[in-house]
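To start, the structure itself, in structure tokens.
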Amino acid sequence: MTDHAVPYGSTFLSGSDFQVNLAAIDALHPVHYGRRLLIFRCSSDEQRVAQIAGLKAGLHVLVRRCPVLGGNVVPQLHKDDTQPIWSNIETGNGLQLVVRDLRNALPTFTELEANDFQPSSLPYDLLVPVPADIGKDQAHLACKVQYSSIDGGTILTWAISHSVTDGSGNNELTRILSEQVRLFGLGADSNTTNGPLLGLDRTPTRNITSAIPFHVDHHRGCANALEKLAPPEALSFLAKSPEVPVLLRITAANLAKLKSDATQPEATPISTHDALVALMWRSTMLIRSRRSQESHDLPASTATTLYFPSDARRHLGISPSYIGNAVYQLAASEQISKVLASNGLQYAASAMRKAVKSVNTELVKSYFAEVNKRWVPWAWQTAGSALATIGLPMGTNWTSGSLYLDDWGEAFGPVVSFRYPGQAGLAAVLPQLPNGDAEVIVCVMPGEVGVLKMLEARLEQAQLLKKVVDAIKDLVQDCNFDCNDSGIALQAMDNSHVALVSMMLKSESFSPFRCDRNIALGINLTSLQKVLRCAQNEDILTVKAEDAPDVVNMVFESSDSDRISEYDIKLMDIDQEHLGIPDTEYAATISMPSSEFQRICRDLTALSESVAIECTKEGVKFACNGDIGSGAVTLRSHTDVEKPEKNIEINLSEPVALTFSLKYLVNFCKASGLSDSVKLCLSNEVPLLVEYGLSNSSYLRFYLAPKIGDEE
């Protein structure tokens, strides 16, 4: 089939004449248009023709079931421009479908998918058939749909006036559309319309009464004339250049970790959504706070505020499938100093949870009853410069994951990605993905994208990293700390290639822990040790690094937060081979007190440079011979019920006898302060494994090659 068979252009799909008496929340809604993108695969022109035919048929049925979609939104202008514009929806020419060929204007589906369909690659001007600057004082179509062809895929734009419905109503409309597209593909008659008319009955929100009077100060999401404006110092948070939207994906495993990190001990349990929003809120404030040195002059008690909508259907007893607006605005506030602190994620999540829990049915009813008498502005409408400084307005579709489950039939297949078109100022939680992953969008300046995709790892006590570095610095001088979503790992050989160091600090050892992409931090351990000496053992240590960093940032915070010090360490480009360490079934495994192993190595080094370790059913024997004599220490399995840290356990499948350098073993023993016990694993002709177990399944391991032949 040729390109000409694809019907590019524009058409109108009309429904029946109608009359609708809008509720005030519909007619006075301050947001003009809602826009969303649904992205599908498309591999051929034949499939594209089938998609467009199915889409037209589905929209034809949809506009007959919901006639307001084919209407015009008409502003009712009045002389008093201090009052918001009331909009009516009247019978119009129909829903507009625009079909565009953007294969030469946009990246391919494969390229977009490889970059997680970043909003910055989905330009508004090309994908949305509604001008970005259209005002509420202009008449406009109630709904426009654009079908955009890209190489290997399709982008479906759903642009709808907020006078028609909110996000939940849009979910219901696209669900019905997907069903009709699927049925058309199966041969159903698109001229048949089943089901009741939608969107005409607005009494659920128009006839609300309340048993309690309305007080604006009880509604944090509403504008309060007594609220303070942002202080002048907050202007230091302003962007110096246009911002770009950036999408971040959090895997299901990291999402669980994020929720754990964001939960304050013994506090009200938070939701996963609370944790996600807290991450967006804190990350945005952290980035804005670094834009100018003057930001340090902002009073610590200054409140930062997050503005977000909630679906009030359950509070109002309205069906989840209701077509209309049932949004109740919320706001969460916290001191900026707390949100920016090392445990700021917890403060932000708790503030979010407090805002959500403050909502109750009577409160929501009092708001809707009042709005039907007079418009009550939303708080973000009057926040002024705070929106771009210490405030963050956002949207959320977190519970709209069913969009990925809608069955669009064979021509379309499943939705691959839900997105918003790229615009500055966009902040949103996207629908949860079927695999449990989460996606969020925030806006930063182009030069700040690397800061957003960063490493942040917080240790409750700095002494853990201090002890690790002290234990390995004499074996390894320069090494890469490999950071990924599992934690922070290190692997390096000594200069003689006799010993190997392997460390793993699992993500569970940190709270919070965030690593948006794999980062290798090349560090000189002598330099690192010098900086770590500036920290007290009990200090909270936070390690930070940007995407493609030149330095690693370390913040030491006293336990009572009265002293904070910050250091940057220059990073090195270290070309280091990463060895694959095979899983080994060792012939002998000995677990013993680390202090006992340290004592044995220290004592025997006075006699010899080498120690023979022999493990038999009689026990484990450490023996040496030197110029001044010989010595031996034999240990047998031992269990101390009262002091289990003194236990000695020997597991043996076959006898083992190997000789090792005491100099290296003494070096390994510098890690004794990390763990009460040490594990030795031996097999003939295999390197010795010396492992110090840390909390949360983390570890520090040393591998040492045995001496052979003349070396002994």
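With only alpha-carbon pairs counted, each pair once and no self-pairs, how large is the Kirkwood hydrodynamic radius of the range 187-343 in angstroms?
19.9
Determine Rg/Rh for the chain; Rg is computed over alpha-carbon atoms and Rh is the Kirkwood hydrodynamic estimate from the same atoms.
That ratio is 1.09, to two decimals.
Quick one: P(r) of the range 455-570 from all Cα-Cα pairs, 10 Å bins, percents rounded to integers, in order of increasing distance.
Pair shares across the bins are 14, 48, 33, 5, 0.
Classify the range 655-712 as rounded, prolate or oblate, taking a ≥ b ≥ c as the square roots of the eigenvalues of its Cα gyration tensor: rounded when a/c is under 1.5, otherwise prolate if a/b is larger than b/c and oblate if not.
It comes out prolate by the Cα gyration axes.
Round to the nearest 0.05 the FRET efficiency obtained for residue 12 and residue 46 when R0 = 25 Å and r is the Cβ-Cβ distance.
After rounding to 0.05, the efficiency reads 0.45.
Determine the gain in length on full extension of the stretch residue 461-residue 485; use 0.36 nm per residue of separation and subtract their C-alpha separation, reporting nm with one decimal.
Answer, rounded to one decimal: 6.6 nm.
Given 490, 388, 665, which one lies farthest toward the positive end of the charge dipole of the chain, if we put +1 on the Cβ of every Lys and Arg and -1 on the Cβ of every Asp and Glu?
Towards the positive end, the residue furthest out is 388.
Work out how much length residue 186 to residue 297 would gain on full extension: take 0.36 nm times their residue separation and subtract the Cα-Cα distance, in nm to one decimal.
33.4 nm
Could you give the alpha-carbon Rg of the range 3-203 over 2.2 N^0.38 Å, rounded to two decimals?
1.06
Using the count of nearby Cβ atoms within 10 Å as a rough guide to exposure, how do 572, 285, 504 rank from fewest to most?
Listed from fewest to most nearby Cβ atoms, that is 572, 504, 285.
Counting other Cβ atoms within 10 Å, which trypsin sites (Lys or Arg not before Pro) in the range 564-622 have at most 14 and lie in a DSSP loop?
617
Greater than 19 Å separation of Cα atoms is the criterion. Which listed pairs, 338/570; 259/357; 466/670; 621/679, meet it?
Over 19 Å apart, Cα to Cα: 338/570.
Charges on Cβ only, +1 for Lys and Arg, -1 for Asp and Glu, centred on the Cα centroid of the chain; of 286, 92, 342, which one is farthest towards the dipole's positive end?
Working it through, the farthest residue towards the positive pole turns out to be 92.
Based on Cβ point charges of +1 for Lys and Arg and -1 for Asp and Glu, what charge dipole magnitude is obtained for the range 74-179 about its Cα centre, in debye rounded to the nearest 20?
The calculation lands at about 220 debye.
Would you mind getting the Kirkwood hydrodynamic radius of the range 588-711 from its Cα pairs, rounded to one decimal in Å?
By the Kirkwood definition, the hydrodynamic radius is 14.7 Å.
What are the semi-axes of the equivalent ellipsoid of the range 566-656, taken as the square roots of 5 times the eigenvalues of the Cα gyration tensor, listed largest first and rounded to whole Å?
31, 21, 18
Among 320, 256, 216, which residue has its Cα furthest toward the positive end of the charge dipole of the chain, with +1 on Lys/Arg Cβ and -1 on Asp/Glu Cβ?
216
At 7 Å along Cα-to-Cβ for each site, give me the label-to-label distance between residue 31 and residue 229 in nm.
Computed distance between label sites residue 31 and residue 229 equals 2.6 nm.
For the residues 373, 530, 136, 506, what sequence is obtained by ranking on other C-beta atoms within 10 Å, fewest first?
373, 530, 506, 136
How many nm separate the modelled label positions at residue 625 and residue 102, each set 7 Å beyond the Cα in the direction of the Cβ?
Modelled inter-label distance: 8.1 nm.
How tilted is helix 463-472 with respect to the longest principal axis of the chain? Cα atoms for both, answer in degrees (0 to 90, nearest 10).
50
Could you sort the peptides 423-435, 331-343, 581-593 by per-residue average Cβ neighbour count (10 Å cutoff), highest mean leading?
Those peptides, ordered most packed to least, come out 331-343, 423-435, 581-593.
Given the Cα-Cα distance of residue 241 and residue 321 and 0.36 nm per residue of separation, how much length would full extension add, in nm?
24.7 nm
For residue 373, go through the lysines and keep the ones whose alpha-carbon is under 18 Å away, minus same-chain ones fewer than eight residues off.
Residue 373 reaches 365.
Could you work out the relative contact order of the chain? I mean the mean sequence separation of Cα pairs under 8 Å and 6+ apart, divided by the number of residues, in percent.
12
Rule-based calculations on the coordinates, nothing more; no lab input. What you are looking at is a predicted structure, and each value in this text was computed from that prediction instead of being measured. Please note: Cβ atoms are built from the backbone with ideal geometry, for glycine as well, and neighbour counts cover all protein chains shown.
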